[in-house]
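For reference, the structure discussed in these notes is given below.
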Amino acid sequence: MTEVSILFFRACLALLAMPIYLLSFLGIWEPFCKKIFFPFFLEKLSAIHNRKTKKQKQELFRNLPDFASPSGELKLLEIGTGCGANFQFYPPGCKVTCTDINPNFQQGLARSMSQNQHIHYERFLVAAGEDLHQVPSGSMDAVVCTLVLCSVQSVNSTLKEVMRVLKPGGVFYFLEHVADDHSSWRYFWQQVCYPTWKLVFAGCCLTREIWKNLEQANFSELKLQHISVPLLGTPIKPHIIGYAVK
């Protein structure tokens, strides 16, 4: 009965979003979404998300200086930098390499950089999380990934790349929305919204249980917490936050 209900509501939602499905069928939606809609949407969402999670992010990145090299240099790689929503939380002098699969975030990224001149920007790489070959192995003290693992092609492949680029003892910070408890109404609506949400929001998947990937990724230490972020009107309230040490 539940599966029938999910299919029924998925069809209703698809009807409401029919213009987007039509644009997608015609090959128009994806380039428009990548170049215009998603950069605009993500900048607005990131601002709201930062307000809702400011205290958690401050606590999350509080120990970041502890992972600096003996010389005091801290080299950080951010996967899926987007508009630079995390820059304000990085310590002064931190050397940041930015990566994103979508190169169309220039305006928002430039604004974040101008507002956060306490850190040093090394370079920007157009790269997917699963393929960071431009980054040498064992070259990073820290890797950061927030609201990104929901939309990569492979979470496990991305985590393998994280492990590769980190120095021994390096740290991986994460904050991701995830699937709710399977018995909850929210999980029901996550399943209903899944296909349309993924189409509209550039491949974002609502039902990933990313904590399981992290638990299986062979980090030497994993600090992980389940939290709720009150983003009203969205199915992305359940989150995980924490860090893992190589």
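The values are calculated or read from the model by the stated rules, or taken from the named source; none is laboratory data. All figures in this text were calculated on a predicted structure; none of them were measured in a lab. Ideal geometry is used to build each Cβ from the backbone, glycine not excepted, and the neighbour counts take in all protein chains shown. Just so you know, the surface numbers come from the protein's heavy atoms only, side chains and all, with ligands and any DNA or RNA stripped out. Shrake-Rupley method; radii C 1.70, N 1.55, O 1.52, S 1.80 Å.
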When restricted to GLU161, GLU176, the only residue at pLDDT 95 or above, in contact with a Lys or Arg (Cβ under 9 Å, 6 or more places away or on another chain) and not in a loop (DSSP other than H, G, I, E, B) is GLU176
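Checking the structure you have, find out if any residue of the range 206-213 is touching a residue at least 12 places away in the same chain (Cβ under 8 Å), under 21 Å from LYS52 (Cβ atoms) and in a helix (DSSP H, G or I). Give the steps one after another, and end with the answer.
Pass one, the range 206-213, residues touching a residue at least 12 places away in the same chain (Cβ under 8 Å): 206-211, 213.
Right, trim to under 21 Å from LYS52 (Cβ atoms) and you get 206, 208, 210-211.
Among the residues that remain, those that are also in a helix (DSSP H, G or I) are: 210-211.
Yes, the conditions are met somewhere in the range 206-213.
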(1) in contact with a helix residue (DSSP H, G or I) (Cβ under 8 Å, 6 or more places away or on another chain); (2) open to solvent by 90 Å² or more (accessible area, probe 1.4 Å); (3) of a type in the set (Phe, Trp, Tyr) all hold for PHE61 apart from (2)
Output yes when any residue across the range 74-95 is among the basic types (Lys, Arg), without any contact (Cβ under 8 Å) to a residue 12 or more places away in the chain and not in a loop (DSSP other than H, G, I, E, B), and no when none is. no
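Out of ASN86, ASN50, ASN102, report the one residue that is within 26 Å of VAL155 (Cα to Cα) and either modelled with pLDDT of 95 or more or of a type in the set (Ser, Thr, Tyr) (or both). Steps first, please.
Values: ASN50 fails: either modelled with pLDDT of 95 or more or of a type in the set (Ser, Thr, Tyr) (or both); ASN102 fails: either modelled with pLDDT of 95 or more or of a type in the set (Ser, Thr, Tyr) (or both).
It is ASN86.
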Of the residues in the range 105-140, those that are within 16 Å of PHE89 (Cα to Cα), touching a residue at least 24 places away in the same chain (Cβ under 8 Å) and either in a loop (DSSP other than H, G, I, E, B) or open to solvent by less than 10 Å² (accessible area, probe 1.4 Å) (or both) come to ASN116, HIS118, ILE119
